[in-house]
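Enquirer: Quick one: this structure, given as structure tokens, is what I'll be asking you about.
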Protein chains: 2
Amino acid sequence: MSADHLETLSHIAVRKAYKRGEMIFHEGDKGNGIYIVETGRIKVFKLSMDGKEQILHIYGPGHTFGEVPVFQGKNFPASSMALEPAGIIFLPRDRFVKLLTTTPALGMNMLADLSRRLRDFTVQIEALSLKEVPARLAAYLLTLSREQDNEARVSLPISKAQLSNLIGTTPETISRVFKKMGDAGLIEVQTRTIEIQDKEGLEELSESGRL
Amino acid sequence: MSADHLETLSHIAVRKAYKRGEMIFHEGDKGNGIYIVETGRIKVFKLSMDGKEQILHIYGPGHTFGEVPVFQGKNFPASSMALEPAGIIFLPRDRFVKLLTTTPALGMNMLADLSRRLRDFTVQIEALSLKEVPARLAAYLLTLSREQDNEARVSLPISKAQLSNLIGTTPETISRVFKKMGDAGLIEVQTRTIEIQDKEGLEELSESGRL
DNA sequence: ATAAAACCTTGATTTGAATCAAGACACCAC
DNA sequence: GTGGTGTCTTGATTCAAATCAAGGTTTTAT
């Protein structure tokens, strides 16, 4: 959803402020509209029976989420929580659908958005199934660097505990792999910040090399 | 895409017959239209550097695939191959887009279809990240049973080698887990067929129980 | 029908990462 | 600053599943 659409629909939507750690919706809930991040960041995630978590998305300002039940008529396939204080706009289903039918371009935007998510998921499935933790972590650092203006110094936007839930491992393993990467001269780890010292090496590692 | 749309557009589309094992498109190719399965079955999959495969979808008659690049304007995020002799309709991008703009209901169908795939992917990511192989295999058998009229006798639609690529493991592990499930009295394995003997037990196992 | 090619099973071994268990460090409020 | 809480690291151990290896079976093509 683009910024101008956001402007247009703001008067028929509901704003709500969420505290850090507050749930926005739960897996299995009925979805009665879509959500738009105004400020802050949120995660969409699944929990296993024994409490392990897998993060599916992390979204910031401008992103929409929670559409799947609107289009598909079932419940939320995952849960959502604010990672920090966040302002979220909720747009009720019927208003969103009306908007969609009266604004053809919005439908195309939505198709493109869902397609991007499908692409992201294929990357995530590939990572979980075909790559080992060092390769996944290297790929994540490179993605971060790309998002942050290709700087060598990259700041971690989430805690390492959250990071382990995002790439599908444990905090202990993250710690050990960062250390090995440091020993190999690929990165230098600071608190909340990583200095990329060998981008080529990281790229090779991310494409299934060994550490 | 529903059957009646299929009928409508058949005269502006191209049919092609694929042999078992023949590639339909490769990851990274430019996507210039959408594909519709008329007969047979196809898989959409990713390959790792060292040749391991992860299947993302298996589609049969009536399913469309290959839309992501059409809506998103990039390349195919995965590859596609015929699992058996298959008849596939190719609908060029511009014709599909025109159809989409002149048929609002088609757009909604497409949004629902992509949403269903997103939901399927969340299930797959959850399985790969949070469940062990026995749980994934149990879940797959239950899904098959549901698809096949809830019969206790379920026929495997793909080889065990392909099955291992679908649930993210190896043929050896599939073999061993089937055997353990048999020993536990959950199933009885025949050639190309599984007899479900303890549905409750399988359900419990699929929800993260131990074998 | 027969040969060839896939595919499947079983056993022995290795391996990557999880788990368990302490400590160390960083960040916050007061 | 100081105490406390939550987060991170490091080491020892366990575990699920991959890999390697070899024999057996089914399927496919000719």
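The values are calculated or read from the model by the stated rules, or taken from the named source; none is laboratory data. Quick caveat: nothing in here was measured; it's all calculated off a predicted structure. Note: ideal-geometry Cβ built from the backbone for every residue, glycine included; neighbour counts use all protein chains shown.
Enquirer: Give the residues of region A:162-202 that are over 18 Å from residue A:51 (Cβ atoms), among the charged types (D, E, K, R) and within 11 Å of DNA strand D (Cβ to nearest atom), sorted by residue number.
Expert: Across region A:162-202, the qualifying residues are A:176, A:179, A:180, A:183, A:192.
Enquirer: Considering A:37, A:97, which residue is more than 8 Å from chain B (Cβ to nearest Cβ), hydrophobic (A, V, I, L, M, F, W, C) and within 15 Å of the chain's Cα centre (by Cα)?
Expert: Step by step, each of A:37, A:97 is checked, and only A:37 is more than 8 Å from chain B (Cβ to nearest Cβ), hydrophobic (A, V, I, L, M, F, W, C) and within 15 Å of the chain's Cα centre (by Cα).
Enquirer: Are there any pairs with C-beta distances below 9 angstrom linking a residue in region B:142-163 that is under 24 Å from residue B:208 (Cβ atoms) to a residue that is among the hydroxyl-bearing types (Ser, Thr, Tyr) and within 12 Å of DNA strand C (Cβ to nearest atom), with the two at least 6 apart or on different chains, and if so which?
Expert: Pairs found: B:154/B:193; B:156/B:193; B:160/B:175; B:163/B:169.
Enquirer: Taking only region B:68-94 into account, find how many residues are among the hydrophobic types (A, V, I, L, M, F, W, C), more than 13 Å from every other protein chain (Cβ to nearest Cβ) and within 27 Å of residue B:160 (Cα to Cα).
Expert: 5
Enquirer: Among the numbered criteria (1) at pLDDT below 95; (2) within 12 Å of DNA strand D (Cβ to nearest atom); (3) loosely packed, with under 15 Cβ neighbours inside 10 Å; (4) within 14 Å of chain B (Cβ to nearest Cβ), which one does residue A:207 miss?
Expert: So the condition that residue A:207 fails would be (2).
Enquirer: Given the criterion modelled with pLDDT of 95 or more and over 12 Å from the mean Cα position of the chain (by Cα), identify the matching residue among B:77, B:85.
Expert: Going through B:77, B:85 in turn, the sole match is B:77.
Enquirer: Hey, any hits in region B:24-32 for a residue that's within 16 Å of DNA strand C (Cβ to nearest atom) and more than 14 Å from residue B:88 (Cβ to Cβ)?
Expert: Looking through region B:24-32, none of the residues is within 16 Å of DNA strand C (Cβ to nearest atom) and more than 14 Å from residue B:88 (Cβ to Cβ).
Enquirer: Enumerate the helices (runs of 4 or more DSSP H) found wholly within region A:119-197, keeping only those where 3 or more residues are in contact with a Phe, Trp or Tyr (Cβ under 8 Å, 6 or more places away or on another chain).
Expert: Qualifying helices (runs of 4 or more DSSP H): A:160-167.
Enquirer: Also: If you scan region A:181-210, which residues turn out to be under 11 Å from residue A:141 (Cβ atoms) and among the hydroxyl-bearing types (Ser, Thr, Tyr)?
Expert: A:206
Enquirer: Out of all the residues in region A:113-152, which are under 26 Å from residue A:68 (Cβ atoms), within 14 Å of another protein chain (Cβ to nearest Cβ) and among the β-branched types (Val, Ile, Thr)?
Expert: Correct list: A:122, A:123, A:125.
Enquirer: Let me spell it out: the conditions are (1) away from chain A (no Cβ under 14 Å); (2) within 16 Å of DNA strand D (Cβ to nearest atom); (3) touching a helix residue (DSSP H, G or I) at 6+ places or on another chain (Cβ under 8 Å), and residue B:159 meets all of them except one. Which number is the exception?
Expert: Result: residue B:159 passes all but (3).
Enquirer: Inspect all residues belonging to region B:35-45 and state whether any of them is part of a loop (DSSP other than H, G, I, E, B) and exposed (fewer than 13 other Cβ atoms within 10 Å of the Cβ).
Expert: No, that holds for no residue.
Enquirer: Filter region B:142-174 for residues that are more than 14 Å from the chain's Cα centre (by Cα) and either within 15 Å of DNA strand C (Cβ to nearest atom) or under 22 Å from residue A:165 (Cα atoms) (or both) and give the result.
Expert: Selection gives B:154, B:155, B:160, B:161, B:169, B:170, B:171, B:172, B:173, B:174.
Enquirer: Return only the number of the condition from (1) crowded, with 19+ Cβ neighbours inside 10 Å; (2) closer than 30 Å to residue B:209 by Cβ that residue B:111 does not satisfy.
Expert: Single failed check for residue B:111: (2).
Enquirer: Quick one: is residue A:159 of a type in the set (Gly, Ala, Ser), surrounded by fewer than 18 Cβ atoms within 10 Å (Cβ to Cβ) and at pLDDT 95 or above?
Expert: The answer is no for residue A:159.
Enquirer: Give the residues of region B:183-202 that are away from DNA strand C (no atom under 16 Å from the Cβ) and in contact (Cβ under 8 Å) with a residue 40 or more places away in the chain, sorted by residue number.
Expert: Within region B:183-202, B:196, B:197, B:199, B:202 meet the criteria.
Matching residues to (1) under 20 Å from residue A:115 (Cβ atoms); (2) in contact (Cβ under 8 Å) with a residue 60 or more places away in the chain:
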position: A:58; (1), (2): yes, yes
position: A:65; (1), (2): yes, no
position: A:78; (1), (2): yes, no
position: A:82; (1), (2): no, yes
position: A:90; (1), (2): no, yes
position: A:96; (1), (2): yes, yes
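Enquirer: Among the residues of region A:77-97, is there at least one that is under 17 Å from residue B:71 (Cβ atoms), surrounded by fewer than 21 Cβ atoms within 10 Å (Cβ to Cβ) and out of contact with any strand residue (DSSP E or B) (no Cβ under 9 Å at 6 or more places or on another chain)?
Expert: no
Enquirer: Give the residues of region A:101-112 that are among the β-branched types (Val, Ile, Thr) and more than 7 Å from chain B (Cβ to nearest Cβ), sorted by residue number.
Expert: Matches in region A:101-112: A:102, A:103.
Enquirer: Pick out the one residue from B:122, B:169 that is among the polar types (S, T, N, Q), buried (at least 16 other Cβ atoms within 10 Å of the Cβ) and touching a residue at least 24 places away in the same chain (Cβ under 8 Å).
Expert: B:169 is the lone residue from the list that is among the polar types (S, T, N, Q), buried (at least 16 other Cβ atoms within 10 Å of the Cβ) and touching a residue at least 24 places away in the same chain (Cβ under 8 Å).
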